[in-house]
Amino acid sequence: MWADWAERTQEPTREEWLEQACRVLSVDVWAKADAGAISPVRVSVGFPIIGARPSKHMRIGECWYGPSTADGIPQIFVHPTVSDGIAVLAVLLHELIHACLGSVCGHRGRFKQVATALGLEGPMRATVPGDALHTWFESMLLRLGAYPHSKLDPMAGRKVQKPYLLKATCEKCSYTIRLTEKWASLGLPICVCGCNFRLEETK
């Protein structure tokens, strides 16, 4: 496995890198868990169906189980915003567990048992490699080489949308109102206390 990889004369594509990483994880890591034979998978880079945009709920990996694919082979996708090799290996290992165990266990029970045995820690929905697994990933990267992927920033070049309603506050009693930019441009109303409203600056 490693001999063929070392003899390469061209830099691998990211899909080739991901496929090789999965093969190594399947042989060298999977044996640590009593999880049966690992399933063959297809792996690539792509956005998840949900949770694609950067947020606290963003999915950095996604597994589509065999029954959802035409040939019955599970497909794994790594989010294109992930470019760190250690993080990618952790995503692959997490999704390989899903591919092998199927959808019935979610992130509980059998999934947690296997993930913990393999060295993954933290909340099961967002696992991270423990110290020992992290060290092993580092040695694995020395052989795989750097992950040949350029991080994608989905928000680059996009204009930050201003709030639809502007906030205005009374200079005296702090009474607040909200109004559109159209009406604000025509002039602000007088507060019930008789003083003027002042528009608050938007970030």
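The values are calculated or read from the model by the stated rules, or taken from the named source; none is laboratory data. The model shown is predicted, which means the values in this text are computed figures rather than measured ones. Glycine gets a Cβ as well: all are built from the backbone with ideal geometry, and neighbour counts include every protein chain shown. Ligands, DNA and RNA are stripped out before the accessible areas are found, and what is left, the full protein with its side chains, is counted by its heavy atoms. Shrake-Rupley method; radii C 1.70, N 1.55, O 1.52, S 1.80 Å.
Quick look at the values:
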quantity	calculated
All positions within segment 71-83 that are part of a strand (DSSP E or B), open to solvent by 10 Å² or more (accessible area, probe 1.4 Å) and either touching a helix residue (DSSP H, G or I) at 6+ places or on another chain (Cβ under 7 Å) or of a type in the set (A, V, I, L, M, F, W, C) (or both)	77
Checklist (1) under 20 Å from the mean Cα position of the chain (by Cα); (2) within 15 Å of residue 21 (Cβ to Cβ); (3) among the basic types (Lys, Arg) applied to residue 143, failing item	(1)
Positions within segment 113-127 being over 19 Å from residue 31 (Cβ atoms) and aliphatic (A, V, I, L, M), in sequence order	124, 126
Filter pass, residue 36 being open to solvent by 20 Å² or more (accessible area, probe 1.4 Å), at pLDDT 90 or above and either among the aliphatic types (A, V, I, L, M) or on the phi > 0 side of the Ramachandran plot (or both)	no
Any hit, segment 55-70, residues being surrounded by fewer than 20 Cβ atoms within 10 Å (Cβ to Cβ), of a type outside the set (Val, Ile, Thr), in a helix (DSSP H, G or I) and in contact (Cβ under 8 Å) with a residue 12 or more places away in the chain	yes
Selection within segment 99-116 - closer than 21 Å to residue 133 by Cβ and open to solvent by less than 50 Å² (accessible area, probe 1.4 Å)	99, 100, 101, 105, 107, 111, 114, 115
Candidate set: segment 14-32, residues that are over 12 Å from residue 43 (Cβ atoms) and not acidic (Asp, Glu); chosen: the one modelled with the highest pLDDT	24
Cross-chain or 6+ apart pairs with Cβ under 9 Å, segment 109-133 first and on the phi > 0 side of the Ramachandran plot, then in a helix (DSSP H, G or I) and open to solvent by less than 80 Å² (accessible area, probe 1.4 Å)	119/29; 119/93; 119/133; 119/134; 119/136
Selection within segment 84-97 - surrounded by fewer than 18 Cβ atoms within 10 Å (Cβ to Cβ) and either under 11 Å from the mean Cα position of the chain (by Cα) or in a loop (DSSP other than H, G, I, E, B) (or both)	84
Members of segment 42-54 found to be modelled with pLDDT of 85 or more and open to solvent by less than 40 Å² (accessible area, probe 1.4 Å), listed by number	43, 44, 45, 46, 48
Residue under evaluation residue 23, criteria (1) open to solvent by 80 Å² or more (accessible area, probe 1.4 Å); (2) assigned to a loop (DSSP other than H, G, I, E, B), criterion not met	(2)
Those residues of segment 158-181 which are open to solvent by 100 Å² or more (accessible area, probe 1.4 Å) and modelled with pLDDT under 85, in sequence order	158, 159, 160, 161, 162, 164
Members of segment 98-111 found to be farther than 21 Å from residue 68 by Cα and part of a helix (DSSP H, G or I), listed by number	110
